[in-house]
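A.B. asks: Dumping the structure here so I can ask a few things about it.
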Amino acid sequence: MNRVLRAAAAALLGAATLPGAAAEPAAPAYPVGQGSFQANCTVCHGPVGAGIAGLAPPLLSNPGRYATSAEGRRQLALTVLYGMIGDITVDDKHYNFQMPEFTRLDDATLAATLNFLVFDLDHAPADVKPLEPAEIAAERARPQDGSAVHEHRKSVAPATP
């Protein structure tokens, strides 16, 4: 009988209110960005952006920091548009990776993907302004290659190679 009462209570109150029930994950603020991230980025950076050892760096600290400055925001846009080639160090780990370019994606999708990284994965503070499609479009108008993106990164993160 006790099981019947618990099942009825769960149905009326919702399973998350019962002790030991798993809480539902929070919905992302940028669901379009989440979908784009899952479709384009997880194969290298993992499903939650934690990176894959020996392959691709984590995306859980730099995007939020980069989004706080004009040059950092440029770096984010450049990286998703044109990829990046070269050695970098992230969280004291070395990566020599060739990130692919994503110019095939539209500006709104790339901005949403970056906002998913900055706010949903990296948890940037609320006072950080979301990236706009116009910022992506401005960088799309000045094509670069992955080596140039790597060089620009040095001006944004001078402590990292």
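A.B. asks: Residue by residue through the range 105-113, what is 3J(HN,Hα) from phi via Karplus (6.51 cos²θ - 1.76 cosθ + 1.60, θ = phi - 60°)? Round to whole Hz and write x for glycine and proline.
C.D. replies: Using θ = phi - 60°, the values come out as 8, 6, 4, 5, 5, 5, 4, 5, 5 Hz.
A.B. asks: Rounded to the nearest 20 debye, what is the charge dipole size of the range 28-156 about its Cα centre when +1 sits on each Lys and Arg Cβ and -1 on each Asp and Glu Cβ?
C.D. replies: 80
A.B. asks: State log₁₀ I(q)/I(0) for the range 30-161 at q = 0.10, 0.11, 0.13, 0.22 Å⁻¹ as given by the Debye formula over alpha-carbon point scatterers of equal weight, solvent excluded.
C.D. replies: -0.26, -0.32, -0.46, -1.58
Throughout, read-outs are computed from the coordinates displayed, never taken from laboratory work. Note that the coordinates shown come from a computational prediction; the quantities given were computed from them, not determined experimentally. Counting neighbours? That spans all protein chains shown, and the Cβs are built from the backbone with ideal geometry, glycine included.
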